[in-house]
Every structure is written in C-alpha cells, then in structure tokens.
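The values are calculated or read from the model by the stated rules, or taken from the named source; none is laboratory data. Everything numeric here is computed off the predicted structure, so don't read it as measured data. Glycine also receives a Cβ, built like all others from the backbone with ideal geometry; neighbour counts cover every protein chain displayed. Remember, those area values only see protein heavy atoms, side chains included, never the ligands or the DNA or RNA. Shrake-Rupley method; radii C 1.70, N 1.55, O 1.52, S 1.80 Å.
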Amino acid sequence: MSGSEEPNWLVSALVGAVIGVMLAPAGKAALYPVRRMKRHPMAGKWYSYHFSFMAGQPILRYGTITVRTGVRTRYAIQRTTSAAPFGADGRPTPPVLKYSGGSLTEEADHIIMVFTGISHRETLTYRFLSRIPSNSSVIPGVWAAYDHDLNPAAGTAIVSRDPLTDEEARRLLGAWVVGDEFALHLRRSPQ
C-alpha cells in the first residue's frame, strides 16, 4: 500500500474527538424524558426560613427554593431570599438576594443544596435532614455562608411546602435545635 491511501492519523483523531464530544450531550438529552418521569420528592416549590444577622441584630430571612428536573444535571434548583421590612426603628431593610441555579445532592440521610449568588458574591450551603419517602411538609436543616455584616455565619433553617407566619417560622426554627456555646445540632423530631 502506498502512503497516500492510508488515512492521516491526525485527521482520524480529530474526527473521533469531535464525534465523542457530540455524543455526550446527545446521551444526556436522550435520557431527559426518562429523568423527567421520575419525580424527586423534593421537586416543586419550597418556602425557606432562617435567621441571619445585620448590624449585630438577628433578622428572620425567608425565600423560595424551586427544585425541578434538569437537562444537564439531575436536578435544577433556584433560590431567592428576602426579609420582612424592619419597623419604624430606623434599621435598614436587608436586600433581596438572588442565586444562580444550584445543585442538589443526597448524602446518607441528608439533602445538600449549594447556591451561588447572582446579586452578590456568596456561596450558600444548606444541609437538610432527608424526610424521604415521608415527604414531610416541614424539613429542618442548617445553612452556612456569611451574614449581612460579611462575617462567617451558620444557623438553623427550615423549608416548608406551605408559607409560614413569622411566629410559626420562629417557633419551628427553635424547636429543632440542640446547642451550647460552641456547637449546635438538629433533633430528629421537634421539641
């Protein structure tokens, strides 16, 4: 055989690489209908509640988390956080915080959500006790990020299928916590 009849190894390698790169997204797209039919118990809209600090004072923060089946990842989640305006005491109102699509993973009996800020520079991490398959309407957890004074912070959090009043949210946030001066952890059931 002469050298002109053999395929060029460089061209063959490039064509193979291009085909390989194109097959991976095609495979994910082909599996999308199958993933869509299997609904995760966390799927849907959740209302979230936690305390943060601003000017050294605790404030109740609330927001929404939406969990749905993703195209490029198994679950696509989005979050927005806001707070009730302060009273006439002159304290500033905390800003509404927006986050890009985050990730949801499961570890042991925990659900972990990680969000990256759009309106601000922050990575927010939640760790919730898994209530699957019971799909409890209120799920306790913890959050870790920084507070509005840009200090590292963490605290208890809850998500609920239905909106809660400020009083209900405050009561439930305290009902799940066991803590002392140096650490806290969540009870398996509220006290």
*Filter result for the condition that a residue is at pLDDT below 80 and assigned to a strand (DSSP E or B), over Val159, Val142, Val114, Val178*: Val178
*From Leu14, Leu31, grab the single residue that is outside any strand (DSSP E or B), at pLDDT 70 or above and more than 20 Å from Ala144 (Cβ to Cβ).*
Leu14
_Could you check the range 119-139 and list, in sequence order, the residues that are outside any strand (DSSP E or B) and either farther than 19 Å from Tyr62 by Cβ or modelled with pLDDT under 80 (or both)?_
Ser119, His120, Arg121, Glu122, Ser130, Arg131, Ile132, Pro133, Ser134, Asn135, Ser136
*Do we have any residue at all in the range 57-68 that's open to solvent by less than 80 Å² (accessible area, probe 1.4 Å), at pLDDT below 75 and either under 24 Å from Leu164 (Cα atoms) or out of contact with any strand residue (DSSP E or B) (no Cβ under 8 Å at 6 or more places or on another chain) (or both)?*
no
_Scope the range 34-50; condition open to solvent by less than 60 Å² (accessible area, probe 1.4 Å), in contact with a strand residue (DSSP E or B) (Cβ under 7 Å, 6 or more places away or on another chain) and either polar (S, T, N, Q) or modelled with pLDDT of 70 or more (or both); matching residues_ = Met42, Ala43, Gly44, Trp46, Tyr47, Ser48, Tyr49, His50
_Return the residues of the range 72-111 that are at pLDDT below 75, surrounded by fewer than 17 Cβ atoms within 10 Å (Cβ to Cβ) and aliphatic (A, V, I, L, M); say none if nothing qualifies._
Ala76, Ala84, Ala88, Val96
